[in-house]
1. Tell me, please, whether a residue that is surrounded by fewer than 19 Cβ atoms within 10 Å (Cβ to Cβ), in contact (Cβ under 8 Å) with a residue 24 or more places away in the chain and β-branched (Val, Ile, Thr) can be found in the range 72-89.
2. Working only within the range 197-241, note down all residues that are surrounded by 15 or more Cβ atoms within 10 Å (Cβ to Cβ) and of a type in the set (S, T, N, Q).
3. Report, by residue number, each residue of the range 118-142 that is in contact with a Gly (Cβ under 6 Å, 6 or more places away or on another chain), crowded, with 22+ Cβ neighbours inside 10 Å and under 19 Å from Arg11 (Cα atoms).
4. Could we say that Tyr95 is over 22 Å from Val32 (Cβ atoms), in contact (Cβ under 8 Å) with a residue 60 or more places away in the chain and either more than 23 Å from the chain's Cα centre (by Cα) or surrounded by 15 or more Cβ atoms within 10 Å (Cβ to Cβ) (or both) here?
5. Can you tell me which residue is modelled with the lowest pLDDT among those in the range 72-95 that are farther than 21 Å from Val48 by Cβ and not in a helix (DSSP H, G or I)?
6. Hey, any hits in the range 146-158 for a residue that's in contact with a Ser or Thr (Cβ under 8 Å, 6 or more places away or on another chain), crowded, with 21+ Cβ neighbours inside 10 Å and closer than 19 Å to Leu92 by Cα?
7. Applying the selection to the range 264-303, what residues are more than 21 Å from Gly314 (Cα to Cα) and not charged (D, E, K, R)?
8. Applying the selection to the range 123-152, what residues are more than 13 Å from Ser225 (Cβ to Cβ) and under 14 Å from the mean Cα position of the chain (by Cα)?
Amino acid sequence: MSTSKTHFYSRVGKRLLDLCFAGIAIIVLLPVMLLTAIGCAVAFNGHVIFRQTRTGKNTKFFTVYKFISMKPVQAQLPLSDTERLTPFGNWLRKYSLDELPQLFNIVMGDMSLIGPRPLLPVYIPYYTCPEMTRHDVRPGLTGLAQIKGRNTLDWETRLHYDIQYVNAFSFKQDLIIFFRTMRIVIRPTNHHADPRTVLQDLHLARSPHFLELKPGIRMRPLSVSDAAGLLPVKNNRDAAQLLESEPLVFTLETMQKWITFHLEKKENKLFILEDIAHRQIIGHCGLYDIDVANGNCVFGILIGLPDYWQGGIGFAATMATIAEARKIDGIHQIHLHVLKENTRAIHIYEKAGFKTTRILTAHVVKNGMAKDIVHMTLQLI
């Protein structure tokens, strides 16, 4: 679909289709909703509608509506979500009947028929910068992640599909998602009545692994969704001049392969450095060739955007990665290699406790000139 057609669909067409579909669906499904409401009132002692604050387009909050499927919370008798879920509520969730009141959210403009599912506001600090793009569009009644695995996907995969949806935004994609959703609703698969039984809440799952290095600068694990954000970092010519080897020129495809390789290699533990306010990745750091048997690993860091070379970000990331190495049983030495002419980096490493162990004279050739490499080691014991 051409850019002009996609622009028209995003600005006008999608909203018109949402209004038409939601209006017609409310009329056609009104008997079903009335029967469901009566069933909820009987099963839950007069309670019918569940209301909850969710995050919408541009991270604005709104109230989402669902048919109630759990027993109300009682302070005197605290129960888990699984214990509060009734057989009737389980049946509603299996066939997505509990979601029908969200047709009114669509009419009010809070939601769309197709889009990333609206999630809790408490999750916002725990999205990666690429994942924040899910809020560039209205949340949906169904979405790409839902037809790929409903509520059985892990968070990284689920949010990666949300990013894919936004990046490939089109009428054709929405049409495919709609018809596949209909098939899933008619013949439910991959259904878990209580998603928390297979997936921990995002903020609980990620909070131990997301570290604020400086105000607005965060370090967190490498993710499958980081390829596009890493491209300007890995391909920056100024930063490449300071690497101890000739840099590769990455494409989106080769960047995705690089990420997959490091995520699958158990001997590597990589982290992303990102500017939360500007929603951009600024670098990466990590531990490579982790060898517990011999007690060694290799440290590496690249801050690929020169605007971030000042302000102590490199030192903070170095110290945070050293702290990660200390968590690995058996590791007692960290090694690194750096160009001898990169005095700024050497000063940071010395401040972090690294000591020069040897200098490799004329060890590499960059831009036709022989360069010296400094080998440094940090003793953790």
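1. yes
2. Listed by number, the residues that qualify are Ser223, Ser225, Asn235, Asn236.
3. Arg138, Pro139, Gly140
4. Working: over 22 Å from Val32 (Cβ atoms): no; in contact (Cβ under 8 Å) with a residue 60 or more places away in the chain: yes; either more than 23 Å from the chain's Cα centre (by Cα) or surrounded by 15 or more Cβ atoms within 10 Å (Cβ to Cβ) (or both): yes.
Answer is no for this residue.
5. Applying the filter and picking the extreme gives Ala75.
6. yes
7. Hits for the range 264-303 are Ile290, Val292, Ala293, Asn294, Gly295, Asn296.
8. Tyr123, Ile124, Pro125, Tyr126, His135
The values are calculated or read from the model by the stated rules, or taken from the named source; none is laboratory data. This structure is a prediction, so every number in the text was calculated from the model and none was measured. When we count neighbours, we look across all protein chains shown, and the Cβ atoms used for this are built from the backbone with ideal geometry, even at glycine.
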